[in-house]
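Step one of this worksheet: look at the structure below.
The values are calculated or read from the model by the stated rules, or taken from the named source; none is laboratory data. Not measured: the values here are computed from a predicted model. Quick reminder, even Gly has a Cβ in these numbers, built from the backbone with ideal geometry, and neighbours come from all protein chains shown. When the accessible area is computed, the model is the full protein with side chains, heavy atoms only, and any ligands, DNA or RNA have been set aside. Shrake-Rupley method; radii C 1.70, N 1.55, O 1.52, S 1.80 Å.
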Amino acid sequence: MTTTNAESTSGGAKASVRKPSPLDQKILEHFPGLVVRKDLTTELKQNAVVPTYVLEYLLGQHCATDDPTLISEGLESVRRILAKHYVHRNQAELVKSTIKERGTHKVIDKLTVELNDKGGFYEVEFTNLGLKKVPIDVDFIKRYPKLLVGGIWAITDVEYELPDDPKASPWQISSVKPIQVAGVNHEEFLAARAQFSTDEWMDVLMQSVGFNPKHFSRRAKLLTLIRLIPYCERNYNLLELGPKGTGKSHIFAEFSPHGMLISGSEVTAPKLFVSNANGKIGLVGYWDCICFDEFAGKDKKVDKTLVDIMKNYMANRTFSRGIEQLTAEASMVFMGNTQKSVAYMLKHSHFYEPLPDKYIDSAFLDRIHAFNPGWEVAPVRHELFCTGYGFVVDYIAEVLKHLRTEDYTGLYKQHFEISSEVSTRDQTGFEKTFSGLMKILHPNGKATPEEIAELLEFAMECRRRVREQILRIDDTFMPNDFAYRDLKDGAVVTVLTPEEQQYPAFAGLRPLAGQSGGDTTEPIPGEASQAQEATTPSPATSNRHLPVEPAQADVTPQETEDSTLKEHHLVVPENSKGWSYRRLFSDYLRGASGIIIRDPYIRAFHQIRNLVEFLRMVNEITPLGDEVTVHLITGSDQETMDKQMENLGQVQDSFAGTSTPFSWEIDTSANFHARSITTNKGWKITLDRGLDLFQWFEFSPFNAAAAVQEARLVKGCEVNYIALER
């Protein structure tokens, strides 16, 4: 993509000039004034700690064009507005002084209102400006009730005048303008949407949430766009667990003024539903979507009463205030991190294992409509972000809000019939997911049978994942197939999850009675013979309750753990080839579940690359579904410590969720010199050169030495294999 710079004549601000792609040109043509170049948001975001929808509201007013000169001028206007009116916390006193000296001033800040029950009036708190107990007219509360629950971002006229009553506030509010679009013409939206193919529309939506669709497969796009369903489907319950850094909470923190992101540990029944003390309705009464971030974690304190209230609300949309039954429409989203690989969780426990114990409740989990597999989502990195055009997020947020009034749950029924074996709750779950995806991708409710089948299968898969994992924690739930029949040709399609197909030997395991984690899985007696036959899941049985006998991937019979291993001393000749970490170490590492590396010189780039190759070797010899933790103890120095810690942190993050979790620590002792590898299976390997065995080689993708350790020349070294007391 050709990039130059255009300079604004008014302020000297520069904005990159990018030739719009054909899709960008089409968006600009059919949605004039409603789109913005997404890299401009990223550029502004660096200097302003405000939600994306606030920045794009301003960009949409000044930069909704592909004219580079107008973009530069508009960008400069937005910068001036932010510089003049956005309140930075560290400049709050300066802004207060400006208001006092001028008598009035517009500020961009988040406002939260509370009722002063003793005085019978309402008071505002400004998040960044730091003003509290500022009186506000009740008319603003009636127009914008979200001021009372979580607050809203707004452009506010604040006045200063010393009152006659010394107890009164000198600060006054004369106007409040919430940062949101004025309205959406839904018929115009549908007419413009009709100009795009399904593939084009998926890409438009991906760009609108800030991602470059070129780097996402079609399935990856669905895994991202399912996160929008809580905004367009009433009372939708979504769970997503996966490694950190995959952008799980991005859409819920930045995308819409109708969503609220809260910490999972901050939830209370009065805050969420209703306070019986004062009758005040909680968040569910005011927000379309409530996302519980960092929901996983065994150390989280959970109120069992809250869990019970949530179970009733998630099933029936109701909660109680005294003897009064209340209803609400807020969708619930639960986001959390996993620490284990998919194969490990399937073999040893279940996908719900990271959740607080009180939430590992089959009745609660059965209310989840879809389980989005976060482990399939790529970690967020720079090249994934969009530089093209997408909707001003506030606009698409309003479109989705309008679609909450529609019901598309039954649109598949003219083409397909669900198996009678599917339970009512399962069917409700995947029908709501299907309805949400139809609203997002086909808002007019019209799609081809093939497109409908794709969304129906994906929705059924996400609900099947919920059910399959409940079967591992509750023996009272019975297994059943997720299948549908094509009414045109009678073909029956049985839907499986990708992990069932990838790991058939673990797919149907159940835990031992009364346990919910660890090595607790067991097969059903009489079905052991199925394990030898299972290579792909049978549509009829889905390979349920297979015994744990995983094949050791990439391990030959000669490489399996050998009880005849002996202590010995090995000399690796200088300048020889044919040596690798696998040849030197693997026999003594097999069967271990924990490894400690002591090497004071894992600092430079090539040394950390050696560490990654060691971790890859351990990963390759670890049996499928098992886990070997590797902990590094190394040294550092002041000159390289920052970069070293950054690189080791990246290694730790990248191996999280694999069968080789990695951790590290810095030992600052002046006497730290010895280098060794120690396992919890009773072996210690001492190395006079540590992992730094190889001579310099050209690190090129076309060089065999870069890919194959045996092709490298080695430094002369000595290795000792020592048996420890067991």
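Of note:
- The Lys577 and Ala674 beta-carbon pair, evaluated with R₀ = 41 Å, returns a calculated FRET efficiency of approximately 0.90.
- In this simple spin-label approximation, Glu93 and His631 carry label points 7 Å from Cα along the Cα→Cβ vector, and these lie 4.7 nm apart.
- Values of log10 I(q)/I(0), in the order q = 0.12, 0.21 Å⁻¹, for the range 357-450 under a Debye, Cα-only, solvent-free model: -0.61, -1.19
- These residues, Leu190, Leu724, Leu615, go from largest to smallest accessible area, 1.4 Å probe, as Leu724, Leu190, Leu615.
- Set Lys301/Lys681; Lys38/Lys96; Lys643/Lys715; Lys280/Lys304 screened for pairs whose C-alpha atoms are more than 31 Å apart: Lys301/Lys681; Lys38/Lys96
- FRET efficiency, Asp642 to Ile323 (Cβ-Cβ, R0 56 Å, nearest 0.05): 0.35
- The equivalent ellipsoid of the range 227-284 has semi-axes of 25, 14, 10 Å, largest first, where each one is the square root of 5 times an eigenvalue of the Cα gyration tensor.
- Taking all protein chains as shown and a probe of 1.4 angstrom, Thr98 keeps an accessible surface of around 40 Å².
- Kirkwood hydrodynamic radius over Cα pairs of the chain, then Stokes diffusion coefficient at 25 °C and 0.890 mPa s, in µm²/s: 84 µm²/s
- Å³ per residue enclosed by the Cα convex hull of the range 19-74: 75 Å³
- Accessible area per residue was computed with a 1.4 Å probe on protein heavy atoms; Trp171 scores about 40 Å².
- Taking the chain and dividing mean pair separation by its residue count, relative contact order in percent (alpha carbons under 8 Å, at least six apart): 11 percent
- Positive contributions from Lys and Arg (+1) and negative ones from Asp and Glu (-1), summed over other residues with Cβ under 14 Å from the Cβ of Arg367, come out at +1.
- Computed with a 1.4 Å probe over protein heavy atoms only, the accessible surface of the range 293-430 comes to 41 Å² per residue.
- Loop-located trypsin sites (Lys or Arg not before Pro) in the range 301-384 (DSSP state not H, G, I, E or B) with no more than 10 neighbouring Cβ atoms inside 10 Å: Lys301, Arg381.
- Paramagnetic label reach from Thr104 (point 7 Å along Cα→Cβ; backbone nitrogen cut-off under 19 Å): within the range 130-152, residues 134-141.
- Fraction of alpha-carbon pairs over 23 Å apart in the range 238-383 - percent: 36 percent
- Computed extension gain for Lys84 through Glu665, at 0.36 nm per residue and net of the alpha carbon distance, reaches 204.6 nm.
- FRET efficiency for Ser423 and Asp653, using Cβ-Cβ distance with R0 set to 45 Å, rounded to 0.05: 0.70
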